[in-house]
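Peer 1: Got a structure for you, written out below as structure tokens; questions coming shortly.
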Amino acid sequence: MEEIPPEEPKKTSLGMEENIEGLIAYLLGPITGIILLLLEKESDFVRFHAMQSTITFISIWVLQIIFRFIPLLGMLLGMLLSLLALVFWILGMLKAYQGERYKFPIFGDLAEQWVGKVNV
């Protein structure tokens with residue numbers, strides 16, 4: 001039986017492997033997301049994760065600012081959003097590193113629309 005060699009990891013326009021660059025898109029939230037959106041020109045995989053990271057963490061940040069103006073309930077909602085952000089941060093890095101185009105609820109569909117839908 002013939003053994004199939006493992007597929008070479010795809011390289012990006014920045015010279016990194018796609019899964020590593022996808023992970024980096026989440027590393028500093030919207031900061032690395034925006035940087036990779038500006039620099040990465042070829043990899044739709046990386047651009048998707050960069051856009052998803054940017055949309056997700058900016059949205060959570062804006063909601064946390066708004067909730068600061070609501071006494072008590074706003075503080076509780078802000079804490080829940082912080083926990084949600086931590087889950088999205090870890091999940092995003094893990095799925096990108098595994099090479100998956102994992103979509104977060106709501107944010108993933110927006111990211112796909114804004115970057116362009118690609119059949120994977």
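The values are calculated or read from the model by the stated rules, or taken from the named source; none is laboratory data. No experiment lies behind these values; they were computed from the predicted model shown. Quick reminder, even Gly has a Cβ in these numbers, built from the backbone with ideal geometry, and neighbours come from all protein chains shown. What goes into the accessible areas is simple: the full protein's heavy atoms, side chains included, and nothing from ligands, DNA or RNA. Shrake-Rupley method; radii C 1.70, N 1.55, O 1.52, S 1.80 Å.
Peer 1: How many lysine pairs in the chain, separated by 8 or more positions in sequence or lying on different chains, have Cα atoms less than 15 Å apart?
Peer 2: 4
Peer 1: Could you give the nm distance between label points at residue 103 and residue 82, where each point is 7 Å from its Cα heading toward the beta carbon?
Peer 2: Computed distance between label sites residue 103 and residue 82 equals 3.1 nm.
Peer 1: Over the chain, one equal point on each Cα, no solvent: what is log10 I(q)/I(0) by the Debye formula at q = 0.20 Å⁻¹?
Peer 2: For the chain, the Cα-only Debye profile gives -1.01.
Peer 1: Taking only complete DSSP H runs, can you tell me which helices of the chain stretch 24 Å or more along their own long axis by Cα positions and average at least 1.0 on the Kyte-Doolittle scale?
Peer 2: Helices meeting the criterion: 44-67, 73-97.
Peer 1: With a point put 7 Å past each Cα toward its Cβ, work out how far residue 91 is from residue 64 in nm, to one decimal.
Peer 2: For the pair residue 91/residue 64, the computed spacing is 1.8 nm.
Peer 1: Still on this structure, I have one more. Extension gain residue 13-residue 73, at 0.36 nm per residue separation less the Cα-Cα distance, in nm?
Peer 2: Net length gain for the segment: 17.0 nm.
Peer 1: Net charge near residue 96, counting Lys/Arg +1 and Asp/Glu -1 over other residues with Cβ under 15 Å of its Cβ?
Peer 2: -2
Peer 1: Between residue 27 and residue 113, with labels modelled 7 Å along Cα→Cβ, what's the label distance in nm to one decimal, could you check?
Peer 2: 3.1 nm
Peer 1: Another question, if that's okay. Of 18, 40, which has the most accessible area with a 1.4 Å probe, and how do the rest follow in descending order?
Peer 2: Final ranking, largest accessible area leading: 18, 40.
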